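Undergrad: Dropping a structure here in structure tokens format, bear with me for questions.
Readers should treat all values here as calculations from the given coordinates under stated rules, not as data from a laboratory. Computed from a prediction, not measured in an experiment: that's the story for all the values here. Glycine gets a Cβ as well: all are built from the backbone with ideal geometry, and neighbour counts include every protein chain shown.
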Amino acid sequence: MISCHPTQEMLEKFANGELPATLAAAVSIHAEMCSECKAQIAAYTEQQAESGFNGVSSHASSANVNDEDVFAGIDIDDLIAAITATDEIDIALEDKEKTITVKGKEYVLPRALTNMTMSNWSSIGKLARSRVELGEGEIRASLLQIQPGGSVPEHTHKGFELTLLLDGSFEDDMGVYGPGDFIVLDGKHTHNPVSHEGCLCYTVSNDAQHFTQGINKLLNPFGSFIY
Ligand SMILES: [Zn+2]
């Protein structure tokens, strides 16, 4: 049972092709796992097509000039296909599904990630991370594995942190999360995720996590590791 979903605003922006590729990938993966949000995206897409026929551009009113505008109006599948034209992922093909093996545990990759370029895995303690290369500067996407019994030291966020749980579970003082949960945190939150059974997450962050808890300040390398 998925308890955390993207906001309606995010789903609408996704349907309109207005999200940065890192977040679009997250919404796309969530929609693979959540029929509710998938249906909502389809409704927004239909709405967008209708407003297109009326000559109304949903993003013409955007006053902000930023990187996101580069993606405005572009079909997200085309976008992802274009971004991932140079595919160097070290993965195996099995029954048309792409799998990755991290620290001896095999995972089926969500379709939205199968053509992405990923860095080699790096590892610290019970955490392993591979960057998903989407070329969006300070907005960084990664696959993060927490091995059974592992945790991320307590931290807040200077920017935002999106965690999309792909496999397994983790918990923090706000709840217990399972596959498909789409969790967005910002600077107001402090948390200390712990995974008893281990998990794999897709994460997007726009700033290094800021570690707060006494001794954990010494662990600030974790911040840049995760970011
Ligand atoms: Zn959903």
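Undergrad: With r defined as the distance between the Cβ atoms of E46 and K126 and R0 fixed at 45 Å, what FRET efficiency is calculated, to the nearest 0.05?
TA: 0.50
Undergrad: Same structure again: Mind giving me the FRET efficiency for S35 and T101? R0 is 45 Å, r the Cβ-Cβ distance, nearest 0.05 is fine.
TA: 0.95
Undergrad: How much net charge surrounds T203 when only the other residues with a Cβ under 11 Å from the Cβ of T203 are counted, with Lys and Arg +1 and Asp and Glu -1?
TA: Taking every Cβ under 11 Å from that of T203, the sum is +2.
Undergrad: Highest first, please rank the peptides 9-22, 106-119 by the mean number of other Cβ atoms sitting within 10 Å of their residues.
TA: The packing order, highest mean first, is 9-22, 106-119.
Undergrad: Let me ask something else about it. Under the rule a/c < 1.5 gives rounded, and otherwise a/b versus b/c splits prolate from oblate, where does the range 1-46 land using the Cα gyration tensor?
TA: Taking the square roots of the gyration eigenvalues as a ≥ b ≥ c, the range 1-46 is oblate.
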